[in-house]
Amino acid sequence: MEQKKNSKSKILWLLVLLLFIGVAATTVTFTHILNGFLPDDQGAISLQPEDSSSGKGELDDQATEKPSATPQATTPKPNFEASDDQGAWKTNTQVEIFKISYQNGEKGVTIQSDSGYSVIAPGAKNSYTFKFKNTGNAALDYTLEMDATVSPANYSIPLTAKINRYDGTWILGDREQFASIPELDAAEDRATLGAGRYTYYTLDWVWPFEGEDDALDTLLGNAAADQEITFTLWLKTTATQSSDPHADGGISLPDTGDHTNLTFWFVIMVGSLIVMILLFLLDKKDRRDEKAEA
Amino acid sequence: MKKNKMMRVASALLVAVLLTTSVISGTYAKYTTAEEAGDTARVAKWGVGITTSGTLFAEQYKDAPIANASDDSITVQVANHADATTDNVVAPGTKNEDGITFTLTGTPEVDLALTIAVETKDIVLPKKDGYTDYTDGNKVDTFDLANDYHPVVFTLTNGAGGTLATGTIEAIKTYLEGLTRAKIDSNTNLDTYFVGTDGTTKTDGTYKLTWEWAFEQNNKADTYIGNVIAGTVTDATCKTDISFDITITADQIN
């Protein structure tokens, strides 16, 4: 029994040692990666003399290398993200600009798709807000463009829209006026987003109920009973690193103050779990052995 | 036994290394490139159909079905029926069993209001005592009417032939205007929206209006009315025009 206990203790220590080696290896790997982001000090002059009793002259002697003519900066790492309240945009992301039903002022549903497919009709309207974030460490220049199409192309839908940016800039239309689909298709915005900053846009659209052309509305509605007449709107954005990395357009992202290295603690947690499982298995085996001996 | 333990330890370490590797690889996947987002919608269906066919009144009538192509016998006709401006005519013994048909169809994806407005005129001899009886030629005898006399009887049926309303043209007007609805919900099939006169049975969206002026109904009153129409008797209280105009309107509501 004593021998068994010693054996168990040795194994345990062996496991702990191996785990320590694993964690150390992980830390070394992380450090190697993080090292790429540390400032390059080559050519820099030390501000602290090696011998603290030395006078000023010795400081000059220690400057054996002239500093580099160009200042060494942090490696820019841009990170641009577009999103709405449902999540981040990826490639060809389907978002909810249109709906399958619409309510009137008294919260009664007055327009309802019969198929679960989004619809538009006189009186329908909606608002869609989306956000651009720069969580990197360098400014980004971005472009926002629209692509609005009606199919079949020979139809004209009297839907109108307006777009404004967080700072009150109207990209399309204005506070009182909506713009037509051709104007929506041509709308675009170009701006710079500073490091750690974000911006947002609000797109409002409406198909006027008391529009100028009831005959057109009726013609479209009747035609829609026999064929699909669709309206598609794409919001396209591209972002490139700004020539001025310190440009500061946009709103500052809030700093949560939590800088904990979660990855490190996650590795520790997983390692602990593995040790717990192994100890449980070993204990189980020992009990089995003891039973066998008995 | 020892080998087994070592195998377990080795396996556990392998798992730990794999987990660590996945975490490291995760640090390279943080950068995302936003591209584009969009949505598509189709125009909501309207497709409300209101169609009419047929005529109620004509310039001439036959008292029996047409026997063959050469049968052109006519029992009642307008005196100048070849004249395009001549009025249509009704008389005792005339009827129109084909009448006019109007249909309501469609399943719009929007709420709507349905308005039916009917304008009518009817031939009527008001109730009164002492009308001159012109049937016996002496112009002395009289006859009385206890109620207003409407000689033309209208019948409104559905597509299956079920009678929805019958009687004076005013009764038809009341029934049809009763189909007016301030709000019909979206995705309602108008073909089968309304119920018949029993209050429960759905009628289809087809309505047919016919009429008849029975030949043997009230000869004295019919003769009196005929004389008023011909102008041989003057009686402003006797109405001799008959007409039926229906306007059906469907409007989207918001």
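The values are calculated or read from the model by the stated rules, or taken from the named source; none is laboratory data. No experiment lies behind these values; they were computed from the predicted model shown. All Cβ positions, glycine included, derive from the backbone under ideal geometry; neighbour counts span all protein chains shown. When the accessible area is computed, the model is the full protein with side chains, heavy atoms only, and any ligands, DNA or RNA have been set aside. Shrake-Rupley method; radii C 1.70, N 1.55, O 1.52, S 1.80 Å.
Couple of notes before you dig in:
- Projected label distance in nm at residue A:106 and residue B:160, using a 7 Å step from Cα toward the beta-carbon: 3.3
- For segment A:106-148, trypsin sites (Lys or Arg not before Pro) are listed when DSSP marks them as loop and at most 11 other Cβ atoms sit within 10 Å of their Cβ; the list is A:107.
- Solvent-accessible area assigned to carbon and sulfur over segment A:80-252 amounts to 44 percent, based on a 1.4 Å probe.
- Per-residue mean of foreign Cβ neighbours for A:206-216 is 1 (Cβ atoms of other chains, 10 Å radius).
- Of A:10/A:284; B:173/B:239; A:99/A:133, those spanning more than 22 Å from alpha-carbon to alpha-carbon: A:99/A:133
- For segment B:154-254, GluC sites (Glu not before Pro) meeting the loop criterion (DSSP other than H, G, I, E, B) and having at most 12 other Cβ atoms within 10 Å: B:216.
- For the chain pair A and B, the interface hides roughly 4900 square angstrom of accessible area in total, found with a 1.4 Å probe.
- Peptide-level mean, for A:233-241, of C-beta atoms on other protein chains within 10 Å: 4
- Average 1/r across all pairs of distinct alpha carbons in segment B:144-251, invert it, and you get the Kirkwood radius: 16.5 Å.
- Near residue A:139: Cβ cut-off under 14 Å, other residues only, Lys/Arg at +1 and Asp/Glu at -1. The net charge is +1.
- Residues within the reach of a label modelled at residue B:115 (point 7 angstrom out along Cα to beta-carbon, backbone nitrogen below 15 Å), restricted to segment B:208-250, are B:246-250.
- Rolling a 1.4 Å probe over the protein heavy atoms leaves residue B:125 with an accessible area of roughly 0 Å².
- Distance between modelled label sites at residue A:188 and residue A:169, nm, 7 Å Cα→Cβ extension: 1.4
- Placing R0 at 51 angstrom, the Cβ-Cβ distance between residue A:77 and residue A:277 gives a FRET efficiency of 0.85 after rounding to 0.05.
- Semi-axes of the equivalent ellipsoid for segment B:106-175, Cα gyration tensor, largest first, Å: 41, 13, 8
- Point-to-point label distance, residue A:10-residue B:206, nm (Cα→Cβ direction, 7 Å offset): 10.0
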